[in-house]
1. Could you tell me whether any residue of segment 156-164 is at pLDDT below 95 and either touching a Lys or Arg at 6+ places or on another chain (Cβ under 7 Å) or open to solvent by 60 Å² or more (accessible area, probe 1.4 Å) (or both)?
2. Failed condition for SER81, given (1) surrounded by 12 or more Cβ atoms within 10 Å (Cβ to Cβ); (2) assigned to a loop (DSSP other than H, G, I, E, B); (3) at pLDDT 90 or above; (4) polar (S, T, N, Q), with all others met?
3. Given (1) buried (at least 22 other Cβ atoms within 10 Å of the Cβ); (2) over 22 Å from TYR34 (Cα atoms), where does ALA123 come up short, assuming only one miss?
4. How many residues does segment 185-211 contain that are assigned to a loop (DSSP other than H, G, I, E, B), in contact with a Ser or Thr (Cβ under 9 Å, 6 or more places away or on another chain) and over 11 Å from SER166 (Cβ atoms)?
5. Of everything in segment 169-184 that's closer than 18 Å to ALA146 by Cβ and assigned to a loop (DSSP other than H, G, I, E, B), which residue is least open to solvent (accessible area, probe 1.4 Å)?
6. Being of a type in the set (A, V, I, L, M, F, W, C), modelled with pLDDT of 95 or more and part of a loop (DSSP other than H, G, I, E, B): is that true of ALA52 here?
7. Among the residues of segment 141-151, are any open to solvent by less than 10 Å² (accessible area, probe 1.4 Å) and closer than 22 Å to LEU60 by Cβ?
8. Would you point out the residue of segment 55-66, among those that are assigned to a strand (DSSP E or B) and at pLDDT 95 or above, that is farthest from GLY125 (Cα to Cα)?
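The values are calculated or read from the model by the stated rules, or taken from the named source; none is laboratory data. This structure is a prediction, so every number in the text was calculated from the model and none was measured. FYI the Cβ positions are ideal-geometry reconstructions off the backbone, even for glycines, and counts take in every protein chain you see. Surface accessibility is based on the protein's heavy atoms, side chains included, excluding ligands, DNA and RNA. Shrake-Rupley method; radii C 1.70, N 1.55, O 1.52, S 1.80 Å.
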Amino acid sequence: CIAVTFGTYWFLFDSPASMTTCLTVSRGSIHVVYSDRSTDSISSNPDDNPDAACNNNAILPNTTLQTDSSSQGYLTFVDTSASGEQIIANVYLRANSSLTFSEALRPRFRWSHQNYTIILDNATGRFSASVLDNPNQATVLIKRPALGSAQLSTGGTYNIEAFEESMTLVTQSGMGLLITAEQRAAMVGPAAQGVLKAGASDVDVQAYPYA
């Protein structure tokens, strides 16, 4: 009886559900590697219907996206359970960038305790993100293997650079964390820049010089 009660409580208040993740190609073509290792190339299309959900470009977990020198695009994370569909965050891939979309979770019910969680792995290149304010906190985690991760913790706008030797988080508005591989974290507030370098034990946080 206790197990049934606990299971019911977990399902109603703590269990997550998947969000819809859409890819929009704004320039050129984006190379896509699916979880089964099959590949595709998705191009920008001026005839896409803005009222059509994802324009058939819904992206599933464990999919890798790669831009080249002439392409750009962005992922939109949508809570389709909300009235009118609610955009939770957008993550933009600049030229010569790649990442793996791992998962995007939402609260199962409007009364659930679960927050919105978006995880992007194996990031290489330059990215920007806009996280919308929401009563259920949204967290976007962008990971660079063996180096660390950027955690976008509140609604705001952010720029991220992730390379083999360094990772940089610029918070234009909002609040972010830059976390080392050893789980040492530094807060990067509005108009601030955090830099994590390979081999360094701490994050260097300074005022963003171009704010």
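1. Checked segment 156-164: at least one residue is at pLDDT below 95 and either touching a Lys or Arg at 6+ places or on another chain (Cβ under 7 Å) or open to solvent by 60 Å² or more (accessible area, probe 1.4 Å) (or both).
2. (3)
3. Among (1) buried (at least 22 other Cβ atoms within 10 Å of the Cβ); (2) over 22 Å from TYR34 (Cα atoms), the lone unmet condition for ALA123 is (2).
4. Our first condition is that a residue be assigned to a loop (DSSP other than H, G, I, E, B); within segment 185-211, this holds for 189-191, 198-203, 208-211.
Now restrict to residues that are in contact with a Ser or Thr (Cβ under 9 Å, 6 or more places away or on another chain): 189-191, 198, 200-203, 208.
Keeping just the survivors that are over 11 Å from SER166 (Cβ atoms) gives 189-191, 201-202, 208.
Looking only at that region, the number is 6.
5. ALA181
6. On the way: of a type in the set (A, V, I, L, M, F, W, C): yes; modelled with pLDDT of 95 or more: no; part of a loop (DSSP other than H, G, I, E, B): yes.
The answer is no for ALA52.
7. Within segment 141-151, one or more residues are open to solvent by less than 10 Å² (accessible area, probe 1.4 Å) and closer than 22 Å to LEU60 by Cβ.
8. The initial filter retains those residues of segment 55-66 that are assigned to a strand (DSSP E or B), namely 58, 63-66.
Now restrict to residues that are at pLDDT 95 or above: 63-66.
Numbers: THR63: 17, THR64: 13, LEU65: 12, GLN66: 10 Å.
Here the answer is THR63.
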